[in-house]
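Accompanying notes for the structure given below.
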Amino acid sequence: MNRIPTSPNDPVNTDILMVAEDRVKGFRRLPFHAIAEQCGHPVPLVIERLKAMMNAGVVRRVRQTLLATKLAQGALVAWHVPEEKLEAAFDWMKEHDPFTGHVVLRNTDHANPGAGYRLWTTIKVPVGCGTLEEHCDILKRHVGAAGYVLLPARGVFTLGVGHMRRRHLQPGDKTPEPAPMQETKTVSLSGLEWKVLLSVKEQLKPEEMVEAPWSLRAAQMGLGTEEYCRTAEELDRKQVIGRFATFLEHVRARTEDGPVTKYNGLFHWTVPAGMEIRAGSECGRHICMTHCYWRTGGGRLRRRTNHGRGARAGTGFRDGAQGRH
């Protein structure tokens, strides 16, 4: 029996992943068709390969992403946790807090003021569930943190992954135009829209990876496919839908090829007041960037230099250790 290739370096898999990771924008009624059209391989082959890579642990998940900044107050959170409590705090955040998204341990340069902030998470608190500070105060007590820094987003310039298509970039490769900024103002949704939103965002199980996956989700809700998809398209118009995305296990090796990404990091930059949008637009146009936000806060993380304003923030994080995304 022929074994289906699961390595990201297989030529067909590479073609598929270069599209499937982050090139299918918005809601698509037939998302695997959209991948097939861009990568040049038949729909059945695209589905077969993505299923095989998921079953092999090379692909972590396939799902419709949301622009959560439109749905709830949220922030990136840097946690100051004593070293002896760090692993337990990571595990607790990962397993027990429903409002926590990404959970990452990062390496830092010990000379930096932010060196004690090795645990980083994202947090989203829905309306009516308290403030970000109230929730973080509770988490602080649970994990024994010494403190935290909230970095809420004011604008989004880049939000993608694309590990495979970034492999052959040259230093300085960028788009012809500056990256536009998307504001983070929340929107109001109807009861039906919330129900469809919660349904569409759940990752697809292998058995749901079929040519028309939303028909299965609609049936689970007791809706017709047309009503379900029409509602999802309205959510897209309200700019709360992100992309249909394939997430690779990019740090921990799942094949003999080794990890998909060897180097990655989180960097913070300070810029003069009033220059945030221009700086973000210029930074976000560089294709190597996977995420680029204008965030507020972070004074405790700043390295003091003789250059004053506009100096680089003091946390240069290397390697994306372990994490949940």
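Projecting the Cα positions of Ser190, Thr131, Met209 onto the charge dipole of the range 118-216 (unit charges on Cβ atoms of Lys, Arg, Asp and Glu, taken about the Cα centre) puts Thr131 furthest along the positive direction. For Lys205, the aspartates and glutamates whose Cα comes closer than 20 Å to its Cα, not counting residues fewer than 8 places off in the same chain, are Glu21, Asp22, Glu48, Glu249. In this structure, the pairs whose alpha-carbon distance is over 18 Å, taken from Lys85/Lys124; Lys25/Lys195; Lys51/Lys94; Lys25/Lys124; Lys85/Lys140, are Lys85/Lys124; Lys25/Lys195; Lys51/Lys94; Lys25/Lys124.
Taking a ≥ b ≥ c as the square roots of the eigenvalues of the alpha-carbon gyration tensor, the range 113-178 is classed prolate because a/c is 1.5 or more and a/b outweighs b/c. Take the Cα of Thr225, step 7 Å toward its Cβ, do the same at Arg141, and the gap between the two points is 5.1 nm. In this rough spin-label picture, where each label sits 7 Å from Cα along the Cβ direction, the Leu30-Lys205 distance is 2.5 nm. Computed with a 1.4 Å probe over protein heavy atoms only, the accessible surface of the range 163-222 comes to 62 Å² per residue. Spin-label pair Val187-Gln38: with each label point 7 Å from Cα along the Cα-Cβ axis, the two points sit 2.0 nm from one another. Heavy-atom surface analysis with a 1.4 Å probe gives the range 100-151 a carbon and sulfur content of 56 percent of its accessible area.
The values are calculated or read from the model by the stated rules, or taken from the named source; none is laboratory data. Because the structure is predicted, anything quoted here is derived from the model rather than measured. With ideal geometry, Cβ positions are generated from the backbone for all residues, glycine too; neighbour counts draw on all protein chains shown. Each accessible area value is taken on the protein alone, full model and side chains, heavy atoms only, with ligands, DNA and RNA left out. Shrake-Rupley method; radii C 1.70, N 1.55, O 1.52, S 1.80 Å.
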